[in-house]
Amino acid sequence: MAAEPAISAAGGTARALAATRRTLSLIWSSRRGRIGLSILVVFTLAALLSPVLAPEDPTRDFGSEILAPPSSDHLLGTDGNGADVLSGVLIGARVSMAVGFAAAIISGVIGAFVGVVSGYYGGWIDRTLTAIDDWFLVIPFLPFAIVVATALGRVADDWPGGRVTLLIIVIGMLSWAGTSRLVRSQVLSLKERQFVERAKALGASPGWIVRKHILPNVMPLVFANTVLIVSATILAESTLAFVGLGDPLRPSWGTMLEKANDSGAVATGAWWFFLPPGIGIVLVVLGFTLVGYAIEEIVNPRLRERRG
Amino acid sequence: MADREHDVSTTATTPLFEVRDLQVHFPIRRSGGQVARALDGVDLEWRRGEVLGIVGESGCGKSTLGRALLGLQATTSGEILVDGEPLEDADLRAVRRRVQMVFQDPYQSLNPRQTVGAQVLEPLAIHGIGARGADRIARGVAVLEAAGLRPAARFWDRYPHELSGGQRQRVVIAAAMALQPEALICDEPVSALDVSVRAQVLHVLMTLKRERGLSLIFITHDLGLAWALCDRIAVMYLGRMVETGTAEQVIGDPRHPYTKALLSVVPSPFPRDRVRREILAGELPDASRIPTGCRFHPRCPAAFDRCRSDDPRTLAAVAGADGHRAACWLVDG
């Protein structure tokens, strides 16, 4: 007889790794997943390596000719301050993606928490949270974000990360409502499942049931949703930066677009100034959307049949 | 083992569970305050070390009763006593440690994202039994193997969807047994399983019962199964007990027309001595519209005038048969 496989308590990490690998290969197996993932890998590497890759510091090196077209010195030309546009795009990728990610994580955490609590506990807790949720769903995002970001702009200058941190918080706080709705409905159906009742019969407390049985079963959904939300938060950051609420010391793609607009680049036909950040935004948003849909198809059994 | 035997004899007078006039009503939405009476005055006694069968059609309230015993179902009125103490005063967590439950559908009662190992360790972690790590794992392995999943290491890292129905039900039983309960409530434990694995799972349950002196409740719609496994049987109809007694009494000499009808339709392997089948007319009435008088009278072949007006509320003792009772006006009290 073959040797019995050993049972160990430390199988968790290996299992998590295997699950991650399985998820990635599932994403890769769909065409849009493949395209999205490739785009994201390229841009993430560029963003992470931007301090090394960028030829100049776009917030400091203003020595060159203003609005010069692409040349061997400046592959993507220079901007209205005479700074290198390629460097700006690389550093901007870092800021845009960091804000997008961080804000989406905040929205995922709040959305999951509110959704689980209101779905599982029900009653007046549910009614209160649903009312708050409704409120966040219907307030027009842009005016509200502009008001908050403007009001707190000065204060945020002293924070670590400056106004970028403020943008992360504002965008994150304003984009969780859809996630919590989704999670709540999933929890409502999960809590009626027999394995939850069985856990109760085993003597588990509500907190235990939420941690061990509800959360693990809603996390894949939250994950898929959060990836989709990243594209929305990146767009939101670009919008707010474009209207002047970005951090001048930490320019994002939106900040670049704002500067291009202010310096009349569009009117003078200096396409090298506004096209690169614009294309960057479009591609990254597309990448997150494609990957998000690919993951959604994996975790949502109702969409699974559509996979081809 | 000797200690346990001793326990049984000294406390034999107090039943493990006693249910008195239990009512569970469910409000019906948009009905203007109507209720469905899932349990409508149930009396029951579950003695220590006893295998008690609760038999009835789907919708008669037998699962609701099982869930109510563990406090999983809010009750409307009536009493549930555990060791003579009201359930609402008892520490539910402690009760649930002593009395475990096996659910009907093993496809639904396991968390799809937990491995077999995690499922059997969970009850130990909930109650803080044993030391985290090797000690608990050893206990988990032991209960899995006792439930017939041998070698346990082969199943430990598998997920429920990789197991057959019978194997899943064994995992459920193993997890319940991990707490070393004194009693087990089995709600249709094999009705979702293939006939070929039913016997194996029942064998596991009966072996555990014999070796550990468990008290068992079998909730089932299968009278044959109840007869094979149970010491005593309680027959339920529309939220109330209609006949109780030892398995021999209820199956061998049924007194309530409902029990008789149920028995007559049990398929017999000997078609020649087939008794006259008593096919019940109509369907189980709605629990929100329980008939007046005897609740069984609209379907009863032996109903007479009194049945339409008077409710046989208390079960009448069958003369000359100790403990055999039936809620029927035809049984002389």
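So which aspartates and glutamates pass the test for residue B:209, namely a Cα distance under 17 Å, with those fewer than 8 places away in the same chain ruled out?
B:3, B:5, B:7, B:50, B:145, B:182, B:187, B:188, B:231
Collect residues whose amide H, placed 1.01 Å from N in the peptide plane, falls under 5 Å from the amide H of residue B:36; neighbours closer than 5 in sequence don't count.
Those qualifying (amide H under 5 Å, at least 5 residues apart or on another chain) are B:26, B:28.
Just tell me how shielded B:151-158 is by partners: mean number of partner chain Cβ atoms within 10 Å of each residue's Cβ, no decimals. Show your work: numbers first, answer last.
On the way: counts 4, 2, 5, 3, 0, 6, 6, 0.
For peptide B:151-158, the averaged partner shielding equals 3.
Which whole number gives the average, over all residues in A:202-215, of C-beta atoms from other chains lying within 10 Å of the residue C-beta?
That average works out to 4.
Restricting attention to region B:90-179, which trypsin sites (Lys or Arg not before Pro) occupy a DSSP loop and are surrounded by at most 13 other Cβ atoms within 10 Å?
B:132
Divide by every residue of chain A the summed helix terms, -39500 (n - 2.57) for each DSSP H run of at least 4, and state the resulting mean residue ellipticity at 222 nm, rounded to the nearest 500 deg cm²/dmol.
On the way: 15 runs with 220 residues, N = 308.
The per-residue figure over chain A is -23500 deg cm²/dmol.
Helix A:85-121 versus the longest principal axis of chain A: what is the Cα-based angle in degrees, 0 to 90, to the nearest 10?
With rounding to tens, the tilt is 20 degrees.
Helix A:141-156 versus the longest principal axis of chain A: what is the Cα-based angle in degrees, 0 to 90, to the nearest 10?
The angle comes out near 70 degrees.
Hey, in the GNM for chain B with a 10 angstrom Cα cutoff, which one of B:320, B:140, B:128 fluctuates hardest?
Among B:320, B:140, B:128, the largest mean-square fluctuation in the Gaussian network model of chain B belongs to B:320.
For n ≥ 4 DSSP H runs only, could you compute -39500 (n - 2.57) per run for chain B, divide by its residues and tell me the 222 nm figure to the nearest 500?
-9000 deg cm²/dmol
In a Debye calculation with equal point scatterers on the alpha-carbon sites of the protein assembly as shown and no solvent, what is log10 I(q)/I(0) at q = 0.07, 0.11 Å⁻¹?
-0.63, -1.09
Who wins for biggest fluctuation among B:78, B:282, B:56 in a Gaussian network model of chain B, springs between alpha carbons below 10 Å?
Between B:78, B:282, B:56, it is B:282 that shows the largest mean-square fluctuation.
Which ³J(HN,Hα) values, rounded to whole Hz and listed in residue order, are derived for region B:173-181 from phi using the Karplus coefficients 6.51, -1.76 and 1.60 in 6.51 cos²θ - 1.76 cosθ + 1.60 with θ = phi - 60°, glycine and proline given as x?
Here the 3J(HN,Hα) series is 5, 4, 4, 5, 6, 4, 7, 6, x Hz.
Using only C-alpha atoms and all pairs of different ones, pull out the Kirkwood radius for chain B in Å with one decimal.
With all distinct Cα pairs of chain B included, I get 21.2 Å.
List the cysteines of the protein assembly as shown that have no other Cys Cβ closer than 4.7 Å: which are they?
For the protein assembly as shown, the answer is B:60, B:186, B:230, B:300, B:328, because their Cβ atoms have no other cysteine Cβ under 4.7 Å.
Compute the distance in nm between two label points, each set 7 Å from the Cα along the Cα-to-Cβ direction, one at residue A:28 and one at residue A:131.
5.1 nm
In nm, to one decimal, how far is the modelled label at residue A:121 from the one at residue B:281, with both set 7 Å along Cα→Cβ?
5.5 nm
Counting only other chains, what is the mean number of Cβ atoms within 10 angstrom of the Cβ of each residue in peptide B:123-136?
Going residue by residue through B:123-136 and averaging, the value is 2.
Can you list residues from other chains, or at least 5 along the same chain, whose modelled amide H is less than 5 Å from the amide H of residue B:240?
Residues meeting the amide H criterion: B:40.
Using r as the Cβ-Cβ distance of residue B:74 and residue A:148, and R0 as 35 Å, what FRET efficiency do you calculate, to the nearest 0.05? Mind showing how you got there, number by number?
On the way: r = 45 Å, r/R0 = 1.28.
So the FRET efficiency works out to roughly 0.20.
Work out, in µm²/s and without decimals, the Stokes-Einstein translational diffusion coefficient of chain A at 4 °C, 1.567 mPa s, Rh from Kirkwood over C-alpha pairs.
60 µm²/s
Anyone know which of B:31, B:191, B:264 comes out most mobile in the 10 Å Cα GNM of chain B?
Residue with maximal mean-square fluctuation among B:31, B:191, B:264: B:31.
No value in this document is a laboratory result; all are computed from the given coordinates. Worth saying up front: this structure is predicted, and the values here are computed from it rather than measured. Glycine gets a Cβ as well: all are built from the backbone with ideal geometry, and neighbour counts include every protein chain shown.
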